[in-house]
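Input: a single structure, listed below in structure tokens.
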């Protein structure tokens, strides 16, 4: 029987099973991290979208108040049950217009934000101060609010 001498330098080719398993674990951990980051990015994008909608809705109500500044405290009241100053109506008092504005605004809030509500607070003075608040339910954060304070001079 002849034996070959073992050479001190042995060349190996390929990967061992242990090396393949370690690389698979490292890649898996990286992919899980990327998936978590992607989920957080989607959540942040949704939050930013909701905040943008809330800002636009508050600005819409601020514009409605500026147009109908005579109504004043009527904007702090409860909204009507229907649009009293719709296209078929002949004319509206400032208070009816305020109730109609609140109704339309609350309909927009309910349609655009999840579990949302809006409110307007009035503080008399010169100029009158209105605090417009939009509150909605944010996934993972609970209730979130945006508040805008405007002052409308009395002419």
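Taken together, the values in this text are just the output of simple stated rules run on the coordinates, not laboratory data. In this text the structure is predicted, and so the values were computed from the model without any measurement. Please note: Cβ atoms are built from the backbone with ideal geometry, for glycine as well, and neighbour counts cover all protein chains shown.
Relative to the present Cα-Cα distance, how much length would full extension add between residue 121 and residue 73 at 0.36 nm per residue of separation?
Numbers: separation 48, 0.36 × 48 = 17.28 nm, distance 0.82 nm.
16.5 nm is the gain from fully extending residue 121 to residue 73.
State whether the range 24-110 is rounded, prolate or oblate according to the following rule on the C-alpha gyration tensor (a ≥ b ≥ c being the square roots of its eigenvalues): a/c under 1.5 gives rounded; otherwise a/b larger than b/c gives prolate, and the remaining case gives oblate. Write down the numbers at each step before the final one.
Working: a/c = 5.55, a/b = 4.01, b/c = 1.38.
It is prolate, given that a/c is not under 1.5 and a/b is the larger ratio.
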*Nearest 0.05, what FRET efficiency do residue 131 and residue 35 give at R0 = 35 Å with Cβ-Cβ as r?*
0.25
*Which angle between 0 and 90 degrees, to the nearest 10, do you get for helix 94-112 versus the longest principal axis of the chain when only C-alpha atoms count?*
10 degrees
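Only helical DSSP H runs with n ≥ 4 go in: add -39500 (n - 2.57) per run for the chain, normalise by residue count and round the 222 nm mean residue ellipticity to 500 deg cm²/dmol. List each step's numbers first, then the result.
Details: 2 runs with 70 residues, N = 155.
Computed ellipticity for the chain at 222 nm equals -16500 deg cm²/dmol.
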_Please compute the contact order of the chain in relative form: average sequence separation of alpha-carbon pairs under 8 Å and at least six residues apart, divided by the residue count, as a percent._
18 percent
*asked:* Just to confirm the number: angle between the C-alpha axis of helix 17-67 and the first principal axis of the chain, 0 to 90 degrees, nearest 10?
replied: 10 degrees
_Can you tell me how the range 57-155 classifies by the Cα gyration tensor, rounded, prolate or oblate, using a/c under 1.5 as the rounded cut?_
oblate
